[in-house]
Amino acid sequence: MRALVQRLFLAAVFFVLSAQPNRAQEVANEPLVGRWRANDKLTGVETDIEIFLRGSRMFGRVVAVRDKDRRSIDPICTGCRGALVNSRVVGIEFIFGLRKETGTWAGGTVVDIRPGLLQGMTANCELEIVDGRAKILGYIWGGLARGTSYWNRVVD
């Protein structure tokens, strides 16, 4: 009897483990995961962003910032609040908790880390691929105020 219970237990464990999605395959199949480049047309600053999954949620962090002369810079987010106050921009996580929805990732938040009046402002966000580029939409007040940015994939 004990051997039967052990076999049933092992079969149940195997079944549960085999039913779990393969995380490596899921990441490989998610086209947004990877490195993207945002270009600020006004200042000429380039920002490299890494999009990644943590569990079933999507996040983003800054991995490099270059000025208009393509020199590496590491600005400080003086306008950020809470745990991000006075953080170095390089390495900062600024996209949080996006959930997979049909054709897009939504339900997350983004922190505006660009220098200026809006630095540190938090907004709802969505992220998707449009014409081979990453499109991030940030919005507040139920979408009454919104901003969109397009990023190009970084090819190593």
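Every listed requirement among (1) within 15 Å of the chain's Cα centre (by Cα); (2) closer than 21 Å to residue 41 by Cβ; (3) surrounded by fewer than 15 Cβ atoms within 10 Å (Cβ to Cβ) is met by residue 68 save one, (1). Please indicate, with yes or no, whether at least one residue in the stretch 92-105 is over 14 Å from the mean Cα position of the chain (by Cα) and within 16 Å of residue 46 (Cβ to Cβ). Within the stretch 92-105, not a single residue is over 14 Å from the mean Cα position of the chain (by Cα) and within 16 Å of residue 46 (Cβ to Cβ). Here residue 59 does not fit the description of being modelled with pLDDT of 90 or more, farther than 21 Å from residue 40 by Cβ, of a type in the set (A, V, I, L, M, F, W, C) and in contact with a helix residue (DSSP H, G or I) (Cβ under 9 Å, 6 or more places away or on another chain). Within the set 104, 78, the sole residue that is under 21 Å from residue 135 (Cα atoms) and of a type in the set (Ser, Thr, Tyr) turns out to be 104. Listed by position, the strands (runs of 3 or more DSSP E) contained in the stretch 106-156 that have at least 2 residues being loosely packed, with under 13 Cβ neighbours inside 10 Å are 145-153. Within the stretch 13-36, does at least one residue satisfy the condition of being surrounded by fewer than 17 Cβ atoms within 10 Å (Cβ to Cβ), more than 19 Å from residue 127 (Cβ to Cβ) and modelled with pLDDT of 85 or more? Among the residues of the stretch 13-36, not one is surrounded by fewer than 17 Cβ atoms within 10 Å (Cβ to Cβ), more than 19 Å from residue 127 (Cβ to Cβ) and modelled with pLDDT of 85 or more, which makes the answer no.
The values are calculated or read from the model by the stated rules, or taken from the named source; none is laboratory data. Note that the structure is a prediction, hence the values are computed from the model and not measured. Every residue, glycine as well, gets a Cβ built from its backbone with ideal geometry; the counts of neighbours run over all protein chains shown.
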